[in-house]
Amino acid sequence: MEKIHGFISNINDVLWGDFFIAAIFAACIYLSVKSGFVQLKISALFKETFGAGKRGEGRARFRAISTALAASMGTGNIIGTAAALAVGGEGAVLWMIITALFGMAAAYGENHLGAEYRGRDKRCVPPMAYIKDIPFGRAASAVYAAACIAAAYFMGNMIQGNAVCKAASSAFSIDIHIVAVVFAVIGGGVLLGGTERISSAAEKLIPFASIAYILFSLAAIAVNADKLGEAVQSIVRGAFGIRAAAGGAAGYAVRNAVSTGLRRGIFSNEAGMGSSVLVHAQCGCKDPDSAGKWAACEVFIDTVICCTLTALVLITSGVDNSSETAVSEAFSSVFGAVGGLFVTLSVIIFAAASMLGWCCYGELALRSFTEKKGWIHAYRLLHIVLLYIGGISQMKLLWQTADLCDWIMITINMTAVLILFKGNDHGGGIS
């Protein structure tokens, strides 16, 4: 296992190198311009987006955003943020935020295209539908769909299942194999119900869990408010290597912070991957501008709000970020045993919701290859088996596999978006 982990890790180090990071930032800056810098109008964006949802698009749109948030608001917001701090230092947090802010434009652009291409291909839904329109599009679309299915299994299923099983096993002192079996059975009951049951579950889980997590995080930060200024300074200093020694050490520190922040930021909010397009394109939204706004808001909620709050709770608490239980220890330092229990429940809910959302993504990608019910049922059954395997597996290998799937999906999808997205004549449609 260690050799496989090392091999995939070396591949990721090359793929996620300086050139790729620069290319992603350049692409997001370009899409920011094309979208009229949609991310700079946050208050108007939220007001118009959720106001429109209340006025008319209603439940289908709410289910879409809940499912998309369910897929993205998994362990990336809690365990992934702690991992970013442990590997990239405090500076990785700022690069996660920067990635998310520019990623809002990528989310806007890809979902704008998703609405434009909705219904054009009865067998192939966006983003696969619009990927087909680029050079070598059919092959690229097939590779993207295959990577999406793999991501659903490894990133959406096994990593989330691992987080749930470890959290429950530790909190309730139950053998992890037993927890894995129970989770596979419960999760399987939802998964076998298909996308409709998954969307219904996400609609019920995510709003409540997200609000509760934000409120608990704000309370924890308020208790350690005297350390907040120092925490913000350490994030800024770490992001630009101000504290590092001159020369190579400073350069390495910045590169490590940027690379880690970018990877974990993308893992958290999935902007540019095209994954959220899969559900938004199914909800019936005919207005590309509206679809883009909803997706942009998801990215902001997921990373700029939730991941930032997690990071500030960790830093102000002073716990060891390299510990697997760092987040739990941080909340426990403020709320005692209640804090640890809250984190456990949050991890379980977010991870379970993320697993359900990604199962939905993978199934939609599979349908671009075949509509045969036998393959669809086999896909769902394999999810249940992998829930157990993921629950007892090593996290390091799973994270590296997730990074590889992310790279394939974001490379193909962003290439298509850059070629096809023509922008919005109304500067993002926000006055």
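The values are calculated or read from the model by the stated rules, or taken from the named source; none is laboratory data. Please read all numbers here as calculations on a predicted model, not as lab measurements. All Cβ positions, glycine included, derive from the backbone under ideal geometry; neighbour counts span all protein chains shown.
Worth pointing out:
- Check on TRP375, assigned to a helix (DSSP H, G or I) and either surrounded by 15 or more Cβ atoms within 10 Å (Cβ to Cβ) or touching a strand residue (DSSP E or B) at 6+ places or on another chain (Cβ under 6 Å) (or both): no
- Just one of the listed residues (VAL279, VAL223) is out of contact with any strand residue (DSSP E or B) (no Cβ under 8 Å at 6 or more places or on another chain), over 19 Å from ILE97 (Cβ atoms) and either of a type in the set (Ser, Thr, Tyr) or modelled with pLDDT of 85 or more (or both), and it is VAL223.
Okay, residues lined up against (1) buried (at least 24 other Cβ atoms within 10 Å of the Cβ); (2) at negative phi; (3) at pLDDT 90 or above; (4) in a helix (DSSP H, G or I):
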{"residue": "ILE134", "(1), (2), (3), (4)": "no, yes, yes, no"}
{"residue": "ALA140", "(1), (2), (3), (4)": "no, yes, yes, yes"}
{"residue": "MET155", "(1), (2), (3), (4)": "yes, yes, no, yes"}
{"residue": "ASN162", "(1), (2), (3), (4)": "yes, yes, no, yes"}
{"residue": "CYS165", "(1), (2), (3), (4)": "yes, yes, no, yes"}
{"residue": "SER169", "(1), (2), (3), (4)": "no, yes, no, yes"}
{"residue": "ALA180", "(1), (2), (3), (4)": "yes, yes, no, yes"}
{"residue": "ALA184", "(1), (2), (3), (4)": "no, yes, no, yes"}
{"residue": "GLY188", "(1), (2), (3), (4)": "no, yes, no, yes"}
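- Scanning the stretch 1-16 for residues that are within 22 Å of GLU270 (Cβ to Cβ) and either touching a residue at least 24 places away in the same chain (Cβ under 8 Å) or in contact with a Lys or Arg (Cβ under 6 Å, 6 or more places away or on another chain) (or both) yields ILE8, SER9, ILE11, ASN12, LEU15, TRP16.
- Selection of helices (runs of 4 or more DSSP H) fully inside the stretch 281-348 by the criterion of at least 2 residues being closer than 30 Å to ARG120 by Cα and out of contact with any Pro (no Cβ under 7 Å at 6 or more places or on another chain) returns 288-299.
- In the set (1) of a type in the set (Gly, Ala, Ser); (2) in contact with a Gly (Cβ under 9 Å, 6 or more places away or on another chain); (3) not in a helix (DSSP H, G or I), ALA416 fails one condition alone, (3).
- Residue in the stretch 356-371 that is farther than 15 Å from ALA152 by Cβ and either touching a residue at least 12 places away in the same chain (Cβ under 8 Å) or of a type outside the set (A, V, I, L, M, F, W, C) (or both) present: yes
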